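The numbers here are math on the coordinates, done by the rules we state, and not lab data. Just so it is clear, the structure is predicted and the values come from calculations on it, not from any experiment. As a convention, Cβ positions derive from the backbone with ideal geometry for all residues, glycine included, and neighbour counts pool all protein chains shown.
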Amino acid sequence: MQSQFGPYRVEGVIARGGMGEILRAYDTRHDRIVALKLLAPHLAADREFRERFKREAHAAGRLNEPHVIPIHGYGEIDGRLYLDMRLVEGEDLGARLNAHGPMHPNDVVHVIEQVAAALDAAHAARVVHRDVKPSNVLLGAGGFAYLVDFGIAASIQDATSRTSGSVTMGTLAYMAPERFGDAPSDHRVDVYSLACVLYQCLTGAKPYGVTSTEALIYAHLNREPPKPSESMPGVPPEFDRVVATGMAKNAADRYNTAGELAAAARRALRTTAPLGAGGAAGFDDGRRRSRWPIALATVGAVAAVAGVAAAVVTLRPEATGGQATPLPAPAPTTAPVTSAPPTTSAAPTTTPVVISSSVQPAPPPPETSQPTTSQAPYEARVCKSISYKGENRGTGCFDADGDYIAAKDTNKDGYWIKTRSETGYHHTAECRDTSSEGDYVNCRLQLKPDGSMRIMVELWDGNKKLADTPWTRFTPISK
């Protein structure tokens, strides 16, 4: 049901949480669909918070860096603070790590470099993020990374500490030691947090491996930084020094900028033998090589804005190993992380202060089609069309020669098409066409050459599945 919020026509709710809600809205002034974040009414009642929110939103909105998504606008309407931000497709890094475990070092460095670029641009504008963590890194098409949630986390932390007596409300697993005391802190708290993210991407686990608030604070203040090469066999030991410097207890001993940390990580990668070539421990080279999946496999609609942002996955990723990444540009060939199972990290010991941390994404709908067991002869391309109310609505395909699945939505009516795939060895992936424009959306897969594949096609309206086709028979992946 539509409603009006100032010049915005609200079309639906993306997510709700303790600090507010994120809405899909149409901006009548600029003729565009946006993600509209409304903060909880009680926050606007705090005058100091209201002024700080607007000040930091203004500063963050002026950032001009590709890995920082710009803010369209912000302000207050009818006693509600709001942010107008671009609606983008993506999935956060934390969800990807939970679903697939540690990343290949090549892909780790690729992500860290992008996040570091966003941080350095923010620091140059005297904006400190204060809450760098995997769930605040949004991965878009082709592995393009955005850092989200500038400013607002710190503003909410400040308001909460004044009303609850809490010292700080950040995410403890990534918090620099100086933030636990009264000493002043600067942009190097973000460098420390980025080093924690680097460690987690390499190992699949948060630093220190403890869960209680007291143990985490003690570890950040007193324990030596953990070594990723000892936690995950196969991680080059050169990364140990990078993490140790980035997580130095004294800010003066850290890298001075996030870019320096990223450059050190790149050097650590270059001084090691290629992991894919020798079948290094911890990284299986048994499949066809491709980059760690950071795009269309189980992607949810995400509202994100770097500066003052929110990232909320509206569909829970299926933890089944979906490995689709978008074409057209083939990804560089590096060995995927397959042999080490995902490391289950403990839940946060403090309540995160951003909306994205407090919203529970909706689980995927139950499957309605039953699998078949028969196998068809080899075909270079297998396609299946879906109809709804007597009308053809789209097509899904599997290209055996190109190792990709494809989806095409043929109607511009707000619905979208999903192609799902499953191999005989239980590897699943999906590919979506949500724009109804142009040719097929192609999504590259990681496949075993001696396996088999089947597909089905689904029609969706937002988060509601309207129809699906039966599974095709299994067809060989290669001749």
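Taking H as built 1.01 Å from N, whose amide H comes closer than 5 Å to the amide H of R254, not counting residues under 5 places away?
none
I need the calculated FRET efficiency for the pair A252 and D401, taking r as the beta carbon distance and R₀ as 56 Å, to the nearest 0.05.
Values: r = 56 Å, r/R0 = 1.00.
Here the calculated transfer efficiency is 0.50.
Given points 7 Å out from each Cα along the Cα-Cβ axis, report the R29 to E51 separation in nanometres with one decimal.
2.4
Cut-off under 19 Å on the C-alpha distance; same-chain residues fewer than 8 positions from K54 excluded. Which lysines are left, in chain and number order?
Within the straight-line cut-off, K54 pairs with K37.
Evaluate E = 1/(1 + (r/R0)^6) for Y218 and E260, where r is the Cβ-Cβ distance and R0 equals 45 Å; express this FRET efficiency to the nearest 0.05.
It comes to 0.95.
Please compute, for the alpha-carbon atoms of segment 105-147, the extent along each of the three principal axes and give them in descending order in Å.
The Cα atoms of segment 105-147 stretch 29, 18, 17 Å along their principal axes.
Summing Lys, Arg as +1 and Asp, Glu as -1, what charge do residues with Cβ under 11 Å from the Cβ of D120 carry, D120 excluded? Please list the in-between numbers first.
Numbers: positive: none; negative: E65, E113, D190, E260.
Neighbour charge sum, excluding D120 itself: -4.
Calculate the spin-label point distance for H426 paired with V13, positioning each point 7 Å from the Cα along the beta-carbon direction, and give it in nanometres.
That separation, rounded to one decimal, is 3.6 nm.
Give me the percent of Cα-Cα pairs in segment 1-94 that sit more than 21 Å apart, rounded to a whole number.
The answer is 34 percent, as a whole percent.
What full-extension length gain, to one decimal in nm, is calculated for A183 and A467 as 0.36 nm per residue of separation minus the Cα-Cα distance? Walk me through the intermediate numbers first.
Numbers: separation 284, 0.36 × 284 = 102.24 nm, distance 5.83 nm.
Computed gain between A183 and A467 is 96.4 nm.
Note down the Stokes-Einstein diffusion coefficient of segment 401-443 in µm²/s, whole number, using a Kirkwood radius over alpha carbon pairs, 25 °C, and 0.890 mPa s.
Numbers: Rh = 11.1 Å.
Approximately 221 µm²/s, per Stokes-Einstein.
Which of the lysines could a cross-linker span from K389 if the Cα-Cα distance has to be under 25 Å and same-chain partners fewer than 8 positions apart are dropped?
K408, K412, K418, K464, K465
Give the calculated FRET efficiency between A124 and S3 to the nearest 0.05, with a Förster radius of 60 Å applied to their Cβ-Cβ distance. Intermediate results must be reported in sequence, preceding the final value.
On the way: r = 40 Å, r/R0 = 0.67.
Efficiency, rounded to the nearest 0.05: 0.90.
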